[in-house]
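Quick note: the coordinates plus some simple rules give every number you see, no bench work behind them. Predicted model, so just to flag it, every value in this text is computed and none were measured. Glycine gets a Cβ as well: all are built from the backbone with ideal geometry, and neighbour counts include every protein chain shown.
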Amino acid sequence: MTLTVGLETRDAGVVIELAGELDLATGSIVEEAIADAEATRPPLLVLDLSGLTFMDSTGLRIVLAADAAARREARLLAVVRGPDPVHRVFLMALLDRRLEIVDDREAAFDGRSERS
């Protein structure tokens, strides 16, 4: 399976929606999408992983890099929870304690004012 990337721009931020497999072969596509979104300096960047069927350590590295960039620039990053096999990768790495993981993209935007 391949990877598709969707982009949704809102006043409060940008959503990058991923579907398919995020791995070494497709990671550069996601990195490019994140770089394009970050160039607009959105106050909130949401990575929607709900459409992923697979993610390896490449995906974790990309999410952590996006989180580090957001923190450096005093912006927010939220990750929409992926299916159980994808979410398990975050749990095993204990990243559910470091990252803001939400159930859906609306939850990321709804809670934005509380985190600002």
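All alpha carbon pair distances within the chain were sorted into 10 Å bins beginning at 0; the resulting P(r) in whole percents reads 15, 53, 31, 2.
The residue list Ala107, Leu3, Ala25 was ranked by how far each Cα lies along the charge dipole of the chain toward its positive end, using unit charges on Cβ atoms, and Ala107 comes out on top. With contacts taken as Cα pairs under 8 Å at a separation of at least 6 residues, region 3-115 carries a relative contact order of 25 percent. For region 13-19, 3J(HN,Hα) computed residue by residue from phi via the Karplus equation (6.51, -1.76, 1.60; θ = phi - 60°) reads x, 10, 10, 10, 9, 10, 9 Hz, glycine and proline entered as x. Each residue of region 46-62 was assigned a 3J(HN,Hα) from its phi angle through the Karplus curve 6.51 cos²θ - 1.76 cosθ + 1.60 (θ = phi - 60°); the sequence is 10, 9, 8, 9, 5, x, 6, 9, 7, 8, 10, 5, 4, x, 4, 4, 5 Hz, with glycine and proline shown as x. Both radii come from the Cα set of region 1-63: Rg as radius of gyration, Rh as Kirkwood radius; their ratio Rg/Rh reads 0.96.
Between Thr26, Thr58, Thr40, the GNM of the chain built on Cα springs shorter than 10 angstrom shows Thr40 fluctuating the most. Computed from backbone phi with θ = phi - 60° and the Karplus coefficients 6.51, -1.76 and 1.60, the 3J(HN,Hα) list for region 24-41 is 4, 6, 10, x, 5, 5, 5, 4, 5, 5, 5, 4, 4, 5, 5, 4, 7, 6 Hz; x is used for glycine and proline.
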